[in-house]
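In what follows, a structure is listed as structure tokens, so that the remarks can point back to it.
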Amino acid sequence: MLLACPWASQAEVYSPYPGLPEPSFPSGSWGYVAQGGIAETAKARQWVAVPPTTVGYWSGQVRRDYAPEPGALYRDTIRGEAFFVSPPGAAEPYGYLPPLRVRTVGFGLLPVEAVVQVRQRRSGGRPLPVVATVVGTRFDDDPSGPNGPSGSMRLEPVRIEDAFEVRVTKVLVDGVDIGLTGACRTVRPAPVVMVGPGHVIPPGVGDPQAYFRALDPTTFFHPLYGGQLAGSLDLPAFTGCTTESGDDLSPMITLSVSGPGNRAVFNAGFPCTRIVQGTQMPPAPGEWNTLPVDETYPCTTPDPMDYPDRPAD
């Protein structure tokens, strides 16, 4: 299920690009995938499009258990560590999502637009990975014979729990930039929970790529085959939202957008690989919304997502 490269020296697995951490487990490989989605500001009852961005990941099998249950041949545990490729203008080459423009009405009267920057938490100057674990169990139910290589595979639901740093970089009230000067941010990283559906690959599937390409992407998630993650983000209170005139807008921004249950949905396409001098490489800085053409491993960019219907007032 995985393209794996051996754990050689630190220099061979550590990215030659600045800003990426060393992988935390040995056997694995670099890849990358296009991802796009939509996110909600529940208080404002608004959905915001998340522009397509490239996500680089290090993934590999970290465990195999044989005969884990009756009728099962083995169970694989695959771990993936993902990093956003930052858009132009970001402070670091990895770890930033593209800026989001959130529009609402302040105090029920004035149109307010905020530019929101979401980034991965960081340690030692590098982003902390978003970690996803995929568990797949292979069963001995291949009609071609016992212990066949294409018995059914049960993929468990994927659950991702993390927290992101959220900043507001600009606020316009009735079209006028109020001139934020402080580090306007949530008082702590915003917790997020995302879940991808489980799926059972039936017996006899010899080409998983072709199989998953024919499916509705909302019905599964697998780092190697795309799919959908859906969940919610809780926005803590904001602090440091001062203006050039000395006003502190933290309470207003908190009142406007902070709170639990801000829904988010992300679709991922098929991943890409890049091999340079025999080594699989992560996406380079600046490749935040582009994917190379690779006929041997055709990656895809997910289609733009429709906004949910707005409930009646």
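The values are calculated or read from the model by the stated rules, or taken from the named source; none is laboratory data. Predicted model, so just to flag it, every value in this text is computed and none were measured. Cβ placement follows ideal geometry from the backbone for every residue including glycine, while neighbour counts extend to all protein chains displayed.
How about the range 126-146: which of its residues are surrounded by 10 or more Cβ atoms within 10 Å (Cβ to Cβ) and either at pLDDT below 90 or in a loop (DSSP other than H, G, I, E, B) (or both)?
Let us first name the residues in the range 126-146 that are surrounded by 10 or more Cβ atoms within 10 Å (Cβ to Cβ), namely 126-142, 144.
Of everything in the range 126-146, those that are surrounded by 10 or more Cβ atoms within 10 Å (Cβ to Cβ) and either at pLDDT below 90 or in a loop (DSSP other than H, G, I, E, B) (or both) turn out to be 128, 129, 140, 141, 142, 144.
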**Message:** Looking at the range 30-49, I want the residues that are in a loop (DSSP other than H, G, I, E, B) and have a partner that is basic (Lys, Arg) with Cβ atoms under 8 Å, at least 6 apart or on another chain. Which pairs are those?
**Reply:** 42/263; 44/103; 45/310
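I need the full set of residues from the range 269-289 which are among the polar types (S, T, N, Q) and free of Cβ contacts under 8 Å to residues at least 40 places away in the same chain, in order please. Break it down into steps so the answer makes sense when it comes.
So in the range 269-289, the residues among the polar types (S, T, N, Q) come out as 273, 277, 279-280, 289.
Matches in the range 269-289: 277 only.
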**Request:** Quick one: count up the residues across the range 230-276 that are surrounded by fewer than 18 Cβ atoms within 10 Å (Cβ to Cβ), under 18 Å from residue 166 (Cβ atoms) and among the aliphatic types (A, V, I, L, M).
**Result:** 3
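If you check residue 36 against the conditions, is it within 11 Å of the chain's Cα centre (by Cα) and not hydroxyl-bearing (Ser, Thr, Tyr)?
Yes, satisfied.
When you check residue 104 against the structure, is it crowded, with 16+ Cβ neighbours inside 10 Å and more than 23 Å from residue 29 (Cβ to Cβ), yes or no?
Details: crowded, with 16+ Cβ neighbours inside 10 Å: yes; more than 23 Å from residue 29 (Cβ to Cβ): yes.
Considered against the rule, which asks whether it is crowded, with 16+ Cβ neighbours inside 10 Å and more than 23 Å from residue 29 (Cβ to Cβ), residue 104 comes out as yes.
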**Request:** Could you list, in sequence order, all residues of the range 197-225 that are in a helix (DSSP H, G or I) and either small (Gly, Ala, Ser) or touching a helix residue (DSSP H, G or I) at 6+ places or on another chain (Cβ under 6 Å) (or both)?
**Result:** 210
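Take residue 74 and tell me if it is among the hydroxyl-bearing types (Ser, Thr, Tyr), outside any loop (DSSP other than H, G, I, E, B), surrounded by fewer than 20 Cβ atoms within 10 Å (Cβ to Cβ) and modelled with pLDDT of 90 or more.
On the way: among the hydroxyl-bearing types (Ser, Thr, Tyr): yes; outside any loop (DSSP other than H, G, I, E, B): yes; surrounded by fewer than 20 Cβ atoms within 10 Å (Cβ to Cβ): yes; modelled with pLDDT of 90 or more: yes.
Here the answer is yes, as residue 74 does meet what is asked.
So, of the residues in the range 77-103 that are more than 24 Å from residue 160 (Cα to Cα) and part of a strand (DSSP E or B), which turns out to be modelled with the lowest pLDDT?
First pass over the range 77-103, keeping only residues more than 24 Å from residue 160 (Cα to Cα): 88-91, 101-103.
Now restrict to residues that are part of a strand (DSSP E or B): 101-103.
On the way: 101: 87, 102: 83, 103: 79.
Taking the candidates together, the pick is 103.
Just the residues that are of a type outside the set (Val, Ile, Thr), outside any strand (DSSP E or B) and crowded, with 16+ Cβ neighbours inside 10 Å, please, taken from the range 170-196.
First pass over the range 170-196, keeping only residues of a type outside the set (Val, Ile, Thr): 170, 172, 174-175, 177, 179-180, 182-185, 188-191, 194, 196.
Those left that are additionally outside any strand (DSSP E or B): 174-175, 179, 182-184, 188-189.
Scanning the range 170-196 gives 184, 189.
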**Fill in**
Among residues of the range 197-241 being more than 30 Å from residue 186 (Cα to Cα) and acidic (Asp, Glu), the residue modelled with the lowest pLDDT is 207
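Could you say whether any residue in the range 147-155 is within 26 Å of residue 97 (Cα to Cα) and crowded, with 20+ Cβ neighbours inside 10 Å? Quick ask: steps written out before the conclusion?
Keep residues of the range 147-155 that are within 26 Å of residue 97 (Cα to Cα), which gives none.
Checked against the condition, which is being within 26 Å of residue 97 (Cα to Cα) and crowded, with 20+ Cβ neighbours inside 10 Å, the range 147-155 yields no hits at all.
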